[in-house]
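The values are calculated or read from the model by the stated rules, or taken from the named source; none is laboratory data. None of the values given here were measured: they were computed from a predicted structure. Every residue, glycine among them, receives a Cβ derived from its backbone with ideal geometry; neighbour counts consider all protein chains shown. Accessible surface areas use protein heavy atoms only, side chains included; no ligands, DNA or RNA. Shrake-Rupley method; radii C 1.70, N 1.55, O 1.52, S 1.80 Å.
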Number of protein chains: 2
Amino acid sequence: MAAKKIAVVIGSLRKDSLNRKFAHEVIALAPPSLAFEIVEIGELALYNQDLEENGATAPQAWTHFRQRIKDVDGVLFFTPEYNRSVPSPLKNAIDVGSRPYGSSVWSGKPAAIISMSPGATGGSAPTTICASRWCSSTCRCCSSRKPISAAPPTCSDRTAS
Amino acid sequence: MAAKKIAVVIGSLRKDSLNRKFAHEVIALAPPSLAFEIVEIGELALYNQDLEENGATAPQAWTHFRQRIKDVDGVLFFTPEYNRSVPSPLKNAIDVGSRPYGSSVWSGKPAAIISMSPGATGGSAPTTICASRWCSSTCRCCSSRKPISAAPPTCSDRTAS
């Protein structure tokens, strides 16, 4: 059976992001049945409906991102918490992917959310918000159970570049 | 007494945004004691801590935005709801304004949130989220009471440009 294609979307754009490092650790542990591919979101223009309406052509980065999400079997989000919610780059990716109206690439897509933080409960807001508000209403999201580890694992630096 | 300076931050970048139109209607009704000024957020680069750390100079648009918020006596947000939360441009403005760590321009700033939607309850999520999660923990936010009008008022087109 062909491996399931899983998009990995990382909420922080920071090069040394703990969530990015952890994403790479998880990817390295993946069984042959899962083919992870990181889908970057830093080049997506801020969502503005005007950019693809009334004859305007959607930014290429939007079109490319939407197609990549359409093409996968599921999505795994790794994200920190910024101001009691997901970081703006991830919120932007969510908004871009959800439009045009009626054509959301998230609809029915299996998804799960992992949040890492140096703080003991620093990642609880994104998982709560995504699971309860957005993700559960669009994606087929994983359980909303939130195991919180008191300390993040030590990640190697294989992903720092 | 000098008029209080109030920054108006509009969550949607859409030219014909209902919230933008309503913001202009409110501005037109302002008493002399209030001096509203729209602070645009569409030119802010997606928040990435790397852009202002380790010798990097913060994008000029970030610095300008932060200074404008610092200079006002309060902030009035007008925002629609995107995917059960605030639109990504507004989340980005919140994130940009909140950094660098310990220097948030929102800290202690009086603020209020207005959300307009063609749907009867379409704006309830941003006001709920902002009031309960972010704004109340940083700004001195207005009451979380949420009067919901079943139909938005008719706005003039004075603000459509």
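Under 5 Å between amide hydrogens, built in the peptide plane, is the criterion, and for residue B:116 it picks out B:79 among residues at least 5 positions away or on other chains. Oblate is the label for the range B:6-79, because a/c, from the alpha-carbon gyration tensor with a ≥ b ≥ c as root eigenvalues, is 1.5 or above and a/b does not exceed b/c. Sequentially through the range A:38-48, phi angles give Karplus couplings (6.51, -1.76, 1.60; θ = phi - 60°) of 6, 10, 6, 10, x, 9, 6, 5, 3, 4, 8 Hz, Gly and Pro residues having no value and appearing as x. Along the range A:53-59 the Karplus relation, 6.51 cos²θ - 1.76 cosθ + 1.60 evaluated at θ = phi - 60°, assigns HN-Hα couplings of 10, 6, x, 6, 9, 4, x Hz to successive residues, with x for each Gly and Pro. The trypsin sites (Lys or Arg not before Pro) of the range A:1-46 that DSSP puts in a loop, and whose beta carbon has at most 16 other beta carbons within 10 Å, are A:15.
Of the listed residues A:63, B:79, B:57, the order by accessible area with a 1.4 Å probe, largest first, is B:57, A:63, B:79. Label-to-label distances for residue B:102 across copies, nearest first, come out at 5.3 nm, using points 7 Å from Cα in the beta-carbon direction. Note on A:6-19: average number of Cβ atoms from other chains within 10 Å of each residue's Cβ is 2. Look at the stretch B:87-98: the mean tally of other chain Cβ atoms within 10 Å of its residues' Cβ atoms is 6.
Please go through the residue pairs A:109/B:91; B:21/B:109; A:5/B:91; A:21/A:91; A:21/A:109; A:15/B:15 and name each one whose alpha carbons sit more than 26 Å apart in this structure. It would help to have the intermediate numbers written out before the result.
Numbers: A:109/B:91 24 Å; B:21/B:109 24 Å; A:5/B:91 30 Å; A:21/A:91 20 Å; A:21/A:109 24 Å; A:15/B:15 34 Å.
Listed pairs above 26 Å: A:5/B:91; A:15/B:15.
Residues whose amide H falls under 5 Å from that of residue B:8, counting only those 5 or more places apart or on a different chain, are B:37, B:38, B:39, B:76, with hydrogens built in the peptide plane. Each other copy places its own label point for residue B:2 at 6.6 nm from this one, sorted shortest first, where the point lies 7 Å along the Cα-to-beta carbon line.
Reducing the range A:34-80 and the range B:1-53 to their Cα centroids gives an inter-centroid distance of 27 Å.
Tell me the total accessible area that B and A bury against each other, 1.4 angstrom probe, in square angstrom rounded to 100. Using a 1.4 Å probe on protein heavy atoms, the buried area is about 2600 Å².
For residue B:99, the amide hydrogen comes within under 5 Å of the amide hydrogens of B:105, counting only partners 5 or more places away or on other chains and with H modelled in the peptide plane. In this assembly of identical copies, the label point of residue A:60 (Cα plus 7 Å along Cα-to-Cβ) is separated from its counterparts by 2.6 nm, sorted shortest first.
Taken residue by residue and averaged, Cβ atoms of other chains lying within 10 Å of the Cβ of B:41-50 number 6. Enumerate by residue number the chymotrypsin sites (Phe, Trp or Tyr not before Pro) in the range B:1-109 meeting two conditions: DSSP loop (anything except H, G, I, E, B), and at most 11 other Cβ atoms within 10 Å of the site's Cβ. Of the chymotrypsin sites (Phe, Trp or Tyr not before Pro), the ones in loops of the range B:1-109 whose Cβ has at most 11 other Cβ atoms within 10 Å are B:101.
Carbon-plus-sulfur accessible fraction, the range B:1-84 (probe radius 1.4 Å, protein heavy atoms only): 51%. The residue of chain A whose Cβ sits closest to the rotation axis that maps A onto B, together with that distance in whole Å, is A:91, 2.
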